[in-house]
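Okay, structure first, notes after.
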Amino acid sequence: MNALVRLATRDGIAVVTIDNPPVNALGPGVPQGIRARLDEAAGDASCRAIVVIGAGTTFPAGADIRELEDVALGKTPKGGPAIHDLLARIEDSTKPVVMAIHGTALGGGLELAMAGHYRVAATGARMGQPEVTLGIIPGAGGSQRLPRLVGIGKALDMCVSGRPVTADDALAAGLIDRLIEGDLCEGASAFAREVARGGATHPKTRERRDRLGSPGENAPLFAAAREQAAKTWRGMSAPLRVIEAIEAAPARPFEDGCRREREIAADCLDSDECRGLIHAFFAERAVRKVPGLPPDTPVLDIRRAAVIGAGAMGSGIATALANAGIAVRLADTDQTTLDDGLAAIRKNYERSIERGRLTAEDMKERLGRIHGQVGNDNVRDADLVVEAVFEDMALKKSVFADLDRVASPTAILASNTSTLDIDEIASTTSRPERVIGLHFFNPPHVMRLLEIVRGPRTGAPALATALDLARKLRKVGVVVGNRRGFVGNRMMLPYMREAQYLVEEGATPAQVDGALYEFGMAMGIFAVDDMGGLELQWKVRQEDARLGLGPDRPLRVLPKLCEMGRLGQKTGAGWYRYAPGDRAPIPDPDVDALIEATAREAGIERRRITPEEIVERSVFVMINEGARILEEGNALRASDIDTIYLTGYGFPRWRGGPMWYADAVGLDRILERVERFHQIHGPTWAPASLLRRLVAEGRRFRDLDVEAAETGQANRR
């Protein structure tokens, strides 16, 4: 306890320092330590005021999420009122307590801060109640104290959005009392002396009601918040439940409001939504751990990069690199394509300025890092060269053979391929150990996912450099093996395939997309097809057929749409039609008629297909393919597959990802339905042997990840 929370008194000010690295989380021992130090300060006659501060770079950033995970999974019982007792003890202190905030004060950290009589903050601090992002609500009085400090409207915005506010915003809202320039501890101590001289009584947040508003004033605020929650957090209950908790603040005495908050918090913590979101939180962090990659592996410092191909992907990759402070040469063999790519980059930056995300100075600085050139010759100074040409093996091999000649011998050569064999691409170079796949997702400067494709000959330094680059680009880099389609697209292809079979059998594209949207997907699969371009999927299908990898049942409608020139949004028509300048899909009776005619020609008897069948066939086919990927070792963990689908494919985060969702549904249920679809629809539905084995052993995908983590820890010891 002494190590976690320290006390030092100087010139009448007791400074309580929370020292629980790396983020001073309010884990075991910390609340008890805070209370003990407060009691010591209270008994010190020389102490006139108390400052609570975090060691290192941050105030307590929140609760220990591992503790929340254990409670959500039923490993440990729900906690009692200890934290509430501590916060009441702080408010009841006869000596003023000043909370000194730097870094981040989030969740439980902000709840701790709000119990102080006063709050001061460093200019760069950020504060928030982000609990909804984990499927829960504030559980230590946050929904009751926050509106008392900032008002109902601001509290709703902070708790429903989950977004932190800056120190300036917090000062304007009344969340903090002063900004501190310079040394925070000295400034907070000076503020504490000032308020100690001001009088014997100090404001208790729980007793304030001046900003809680009247029922008439609050009713439209609550209605607007519910509307926003349903729109922003589609399918989730926690954002609606936090509104319910905040409603108690003006309607009930503080203690009753806190009891209601605890009831709601307990309900949320015991939900599949919470368990899925906590899993997603830890899964995203687990991808950084790559078995067999030593932590001291040399990493190439990427200061200069070249991107080959100035189309939509190449220009987006150049933007992502420039945003990270990396100088970029954007190269193309065609001047017009290069000019168009540079113009697209400028237009994207201008759009960001219009939306308030960048300043004109930011745009000037970032554009200054990007230089266009015709041809690939002038790339010798690049530490990294990313090829982003069309998805064609012969073309990519030709580009890499050329790059091997002109690039620096120490440079990493990366392909932005979405499906093709990295080793075959690398075979045209004299440095296969420095060749890697960097599968960016469209648009590359926006999408967070980066599949890092490691072939058998990819060297450890190239892999470590790719992981470090993902971090610099603020992307989630997931290491995958070198099998066609890697992980994301390999699972996506059967998903697309099954959707097309469903429309042949009786559904419409709008019905399929509607069911998937209700399930929680960001977009329906046919809308996704149209956005990406139907010709890309058709080219992949043709290549699969050439390699003998295609499905046993042909896709009949897709090639007809391509032959008609209906390639998606870019042509104004695909599975849907589109109004000029509008990306909203419009169901097209002509496509429905084409589907029906195609089914008749193939002798397919159409029938009514339920939303339940649409979701099962679309999602379960991905899960079955994911099991095969795990069995082959093409993904390191089931949670890596989940992260790929949560960050790159629009799978609903609150469902935890496809493999976590499978565990939640029950693998026995998944296997039962897969076996049934196998009987009806043929070999493409053959159950993965790993799925059969896990069901027979009564285990889950999660168990595989836990075992792998334990093995890795044992090996490190």
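Looking across the stretch 39-61, the residues that are in contact (Cβ under 8 Å) with a residue 60 or more places away in the chain and assigned to a loop (DSSP other than H, G, I, E, B) come down to R48, F59. Taking residues in the stretch 64-85 that are over 12 Å from C274 (Cα atoms), and partners anywhere that are modelled with pLDDT of 75 or more and of a type in the set (D, E, K, R), the pairs with Cβ atoms closer than 7 Å and at least 6 places apart or on different chains are T76/D70.
Of the residues that sit in the stretch 599-629 and are charged (D, E, K, R) and under 25 Å from I641 (Cβ atoms), which one is surrounded by the fewest Cβ atoms within 10 Å (Cβ to Cβ)? Within the stretch 599-629, the match that is surrounded by the fewest Cβ atoms within 10 Å (Cβ to Cβ) is E612. Taking the criterion of being in contact with a Ser or Thr (Cβ under 8 Å, 6 or more places away or on another chain) and of a type in the set (S, T, N, Q), the only residue of the stretch 383-424 that qualifies is S398. Once the stretch 366-384 is narrowed to residues that are under 14 Å from T319 (Cα atoms) and either at pLDDT below 95 or surrounded by 14 or more Cβ atoms within 10 Å (Cβ to Cβ) (or both), the residue that is nearest to the chain's Cα centre (by Cα) is R366. Taken over the stretch 229-265, the criterion of being aliphatic (A, V, I, L, M), over 16 Å from G107 (Cβ atoms) and more than 23 Å from the chain's Cα centre (by Cα) is satisfied by I243, A248, A249, A251. Restricting attention to the stretch 592-621, the residues being in a helix (DSSP H, G or I), closer than 28 Å to P658 by Cβ and among the β-branched types (V, I, T) number 5.
In the stretch 574-600, the residues that are among the β-branched types (V, I, T) form Cβ pairs under 8 Å with partners that are exposed (fewer than 15 other Cβ atoms within 10 Å of the Cβ) and part of a loop (DSSP other than H, G, I, E, B), at six or more places apart or across chains, as follows: I586/A579.
Name the residues in the stretch 483-528 that are at positive phi and buried (at least 24 other Cβ atoms within 10 Å of the Cβ), would you? Hit for the stretch 483-528 is F486, nothing else.
Residues in the stretch 617-657 that are in contact with a Gly (Cβ under 6 Å, 6 or more places away or on another chain) and closer than 20 Å to T684 by Cα: N634 only. Return yes or no: is L516 of a type in the set (A, V, I, L, M), over 26 Å from P611 (Cα atoms) and assigned by TED's automatic domain parsing to the domain that holds I623? Taking the combined requirement at face value, the residue does not satisfy it. The set of residues from the stretch 113-126 being closer than 24 Å to F254 by Cα and either in contact with a Pro (Cβ under 6 Å, 6 or more places away or on another chain) or of a type in the set (S, T, N, Q) (or both) comprises just one member, H117. Reported count of residues in the stretch 622-639, each being over 16 Å from Y649 (Cβ atoms) and not in a helix (DSSP H, G or I), is 4. Mind checking which pairs have a first residue in the stretch 528-554 that is assigned by TED's automatic domain parsing to the domain that holds G568 and at pLDDT 70 or above and a second that is part of a loop (DSSP other than H, G, I, E, B) and β-branched (V, I, T), Cβ under 8 Å, 6 or more apart or different chains? Filtered contacts from the stretch 528-554: V540/T419; E543/T419. Here the stretch 223-243 is the region considered, the condition is being among the small types (G, A, S) and part of a helix (DSSP H, G or I), and the residue that is surrounded by the most Cβ atoms within 10 Å (Cβ to Cβ) is A238.
With the condition kept exactly as written, say whether any residue in the stretch 287-298 is in a helix (DSSP H, G or I), touching a Gly at 6+ places or on another chain (Cβ under 7 Å) and more than 30 Å from A219 (Cβ to Cβ). Within the stretch 287-298, none of the residues are in a helix (DSSP H, G or I), touching a Gly at 6+ places or on another chain (Cβ under 7 Å) and more than 30 Å from A219 (Cβ to Cβ). Being closer than 21 Å to A3 by Cα, at pLDDT 95 or above, among the β-branched types (V, I, T) and buried (at least 24 other Cβ atoms within 10 Å of the Cβ): is that true of V97 here? So V97 does not fit the description; no. On the stretch given as the stretch 441-463, residues that are more than 13 Å from V287 (Cβ to Cβ), under 16 Å from the mean Cα position of the chain (by Cα) and surrounded by fewer than 24 Cβ atoms within 10 Å (Cβ to Cβ) total 6. Cβ-Cβ distances below 8 Å connect the following pairs, each with a first residue in the stretch 282-308 that is on the phi < 0 side of the Ramachandran plot, a second residue that is of a type in the set (D, E) and in a loop (DSSP other than H, G, I, E, B), and a separation of six or more residues or different chains: L300/D383; D301/D383; I302/D383; R303/D383; R304/D381; R304/D383; A305/D383. When restricted to residues that are of a type in the set (F, W, Y) and more than 13 Å from the chain's Cα centre (by Cα), the stretch 644-684 contains 3. Have a look at G139, G153 and point out the one that is surrounded by 21 or more Cβ atoms within 10 Å (Cβ to Cβ), over 23 Å from A55 (Cα atoms) and touching a helix residue (DSSP H, G or I) at 6+ places or on another chain (Cβ under 6 Å). One residue alone meets the criteria, G139. Restricting attention to the stretch 334-350, the residues that are touching a strand residue (DSSP E or B) at 6+ places or on another chain (Cβ under 7 Å) and either β-branched (V, I, T) or not in a helix (DSSP H, G or I) (or both) total 1.
Screening the stretch 401-492 for strands (runs of 3 or more DSSP E) wholly inside it with 1 or more residues that are aromatic (F, W, Y) returns the ranges 435-440. Could you count how many residues in the stretch 244-263 are surrounded by fewer than 23 Cβ atoms within 10 Å (Cβ to Cβ) and either in a helix (DSSP H, G or I) or touching a Leu at 6+ places or on another chain (Cβ under 8 Å) (or both)? Residues in the stretch 244-263 being surrounded by fewer than 23 Cβ atoms within 10 Å (Cβ to Cβ) and either in a helix (DSSP H, G or I) or touching a Leu at 6+ places or on another chain (Cβ under 8 Å) (or both): 12 in total. Looking only at the stretch 397-415, decide whether some residue is buried (at least 23 other Cβ atoms within 10 Å of the Cβ), polar (S, T, N, Q) and closer than 26 Å to R471 by Cβ. Within the stretch 397-415, one or more residues are buried (at least 23 other Cβ atoms within 10 Å of the Cβ), polar (S, T, N, Q) and closer than 26 Å to R471 by Cβ. A single member of R145, R197, R193 is in a helix (DSSP H, G or I), closer than 23 Å to R262 by Cβ and in the same structural domain as K231 (by TED's automatic domain parsing), and it is R145.
Of the residues in the stretch 286-303, how many are at pLDDT 95 or above, among the basic types (K, R) and surrounded by 13 or more Cβ atoms within 10 Å (Cβ to Cβ)? Residues flagged as at pLDDT 95 or above, among the basic types (K, R) and surrounded by 13 or more Cβ atoms within 10 Å (Cβ to Cβ) within the stretch 286-303 amount to 0. You will find that of I50, I152, I101, I65, the residue that is within 27 Å of A251 (Cβ to Cβ) and either among the hydrophobic types (A, V, I, L, M, F, W, C) or under 22 Å from the mean Cα position of the chain (by Cα) (or both) is I152 and no other.
The values are calculated or read from the model by the stated rules, or taken from the named source; none is laboratory data. Note that the coordinates shown come from a computational prediction; the quantities given were computed from them, not determined experimentally. FYI the Cβ positions are ideal-geometry reconstructions off the backbone, even for glycines, and counts take in every protein chain you see.
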